[in-house]
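Notes for the one structure printed next.
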Amino acid sequence: MTAQKHNFETQSSHSSFQDTVMGSEPELLRPKQGEKGGMFDEEKGAVATAERPTIGDDGQRDAAATPPPAFDPRDNPDGIGVFQEYYETHQLRGDSPSTVSWIPSMETFLMFFLGPFIGYFFDSYGPRYILLAGTFFHVFGVMMASLATDYYQIMLSQGICSAAGASMCFYPAMSVMPTWFFKKRAAAFGIMAAGSSTGGVIFPIMVSKLIPRIGFGWTMRVCGFLILALMLIANATVKSRLPPRPKPFHIMQFIRPLKETPYLLTVLGSFFFFFAMFLPINYLILQAETLGMSSRLAEYLIPILNGASFFGRVLPGVAADKIGRYNVMTIMMAFAGILILALWLPAASNAPIIVFAALYGFGSGSFVSLAPSLVAQISDVREIGVRNGTVFAIISFAALCSNPIGGALITQWNGKYTGLQIFGGIMALSGACTILAARVVLAGTKIAAKV
């Protein structure tokens, strides 16, 4: 089946945002995986299954509206390190780092593990009711965390309730993007994912500054009210271009994609990288303080990391649309792994730790925007919700185990972070090698291929 040709009228009134992010030409939807025509060809286009209309105000509105559900650091948990440090020195100071780390790990796990189920409901019923439910549970969990004093209370409120709600906020925002964007899809994902970097800068600073003034409880309530205000914007604006198609739930729709070699390798590469991704985010503050950094300076490490992550989510996405998404993902994963082993591991003073925070934020941030675009590149747009959800559900087990493993390694190394750093660097480089293998399966060993 060859790509069908459609004639569209070019609109002279495209805004610069459309020209930069969406492209000035109308585009076609991806073929179903089983259709004759093989893998997607970025240069020649793809077998068309439906016409894609010229993007107008709705597409621009969705690109602008999706950052609110990604703004809170729990939606893409780049700010959890500040809670790990606070709980270890306050409510849960009698517990080990490994025990405390189960709270952010459970938070990250649930956010991603619920992906297939939320993806199924998104494909079948659209984003509206998922966003409404997510808003309630997310805000309710944060408010209950403001009252929590015991381990189980923090786990139930922040680790489970808030995380489940955050998942229901994040996936619809992520899944509507491929229905509006195609040619510049990675750039669009980068702009969307930049919202959580913004939250990852603002929330840690806001929390650390408000707690001494108004206490932990009211600080969490302020966070909850801010999340509620942002989610009201998202509920009013986020929608999918394609109408929902209700279909019966069947477990095989989540397992079937794993039979495709490029998809399987993409999942495995993401799984390996996820073992490393949150270790610096979660332990960087504590490690810096053991090396003599003042707590006042250390509390800015996560905002520095997330500030750099803003650019790491946008710029690699723009580059990926030009030179290939798998190419850029491989480079950025390898860059993050090298940073852990070559910069963080030997760091012994403030300067290299701060430089590492900035560079690692840039390198690891690219995963957030590029991972969904990789899945979209090798998937039918009508199955984006389920296929993205399957990826994130599988890698959620890496997120669940990585922080407790890191805490156990710290204990094993008598309070030193060497074992944690070696483990993180090796897992990040393993992820880069696996994504490279997927790229080879898709396009062979030709270095100049855009994949």
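Would you tally the residues in region 355-404 being small (G, A, S), more than 17 Å from L114 (Cβ to Cβ) and out of contact with any Phe, Trp or Tyr (no Cβ under 6 Å at 6 or more places or on another chain)? Spell out the reasoning first.
Pass one, region 355-404, residues small (G, A, S): 357-358, 361, 363-366, 369, 371, 373, 376, 379, 385, 389, 393, 396, 398-399, 402.
Applying the additional criterion that residues be more than 17 Å from L114 (Cβ to Cβ) yields 357-358, 361, 363-366, 369, 373, 376, 379, 402.
Pick out the ones that are also out of contact with any Phe, Trp or Tyr (no Cβ under 6 Å at 6 or more places or on another chain) and you get 357-358, 361, 364-366, 376, 379.
Looking only at that region, the number is 8.
Before we move on, is G407 closer than 29 Å to F117 by Cα and buried (at least 22 other Cβ atoms within 10 Å of the Cβ)? I'd like the intermediate steps shown before the answer.
On the way: closer than 29 Å to F117 by Cα: no; buried (at least 22 other Cβ atoms within 10 Å of the Cβ): yes.
In short, no.
Summed over region 202-227, residues that are over 20 Å from F136 (Cβ atoms), surrounded by fewer than 24 Cβ atoms within 10 Å (Cβ to Cβ) and not basic (K, R) total 14.
Table: residues versus (1) under 20 Å from I422 (Cβ atoms); (2) in contact with a Leu (Cβ under 6 Å, 6 or more places away or on another chain).
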| position | (1), (2) |
| --- | --- |
| A336 | yes, no |
| I354 | no, no |
| A357 | yes, yes |
| S364 | yes, no |
| L370 | no, no |
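What tally of residues in region 117-172 results from selecting those that are part of a helix (DSSP H, G or I), out of contact with any helix residue (DSSP H, G or I) (no Cβ under 7 Å at 6 or more places or on another chain) and within 17 Å of F83 (Cα to Cα)? Count: 4.
Looking only at region 297-338, count how many residues are over 20 Å from A194 (Cβ atoms) and touching a helix residue (DSSP H, G or I) at 6+ places or on another chain (Cβ under 9 Å). Reasoning before the result, please.
First, pick out the residues of region 297-338 that are over 20 Å from A194 (Cβ atoms): 297-299, 323-324, 326-327, 330, 334, 337-338.
Of the ones still in play, those that are also touching a helix residue (DSSP H, G or I) at 6+ places or on another chain (Cβ under 9 Å) are 297-299, 324, 326-327, 330, 334, 337-338.
Here the count works out to 10.
Scanning region 378-418 for residues being part of a helix (DSSP H, G or I), small (G, A, S) and farther than 16 Å from G337 by Cβ gives a total of 7. Of the residues making up region 59-111, those that are of a type in the set (S, T, Y), at pLDDT 70 or above and assigned to a loop (DSSP other than H, G, I, E, B) are S96, S101.
The values are calculated or read from the model by the stated rules, or taken from the named source; none is laboratory data. What you are looking at is a predicted structure, and each value in this text was computed from that prediction instead of being measured. Because the Cβ atoms are built from the backbone with ideal geometry, glycine has one as well, and the counts that use them run over all protein chains shown.
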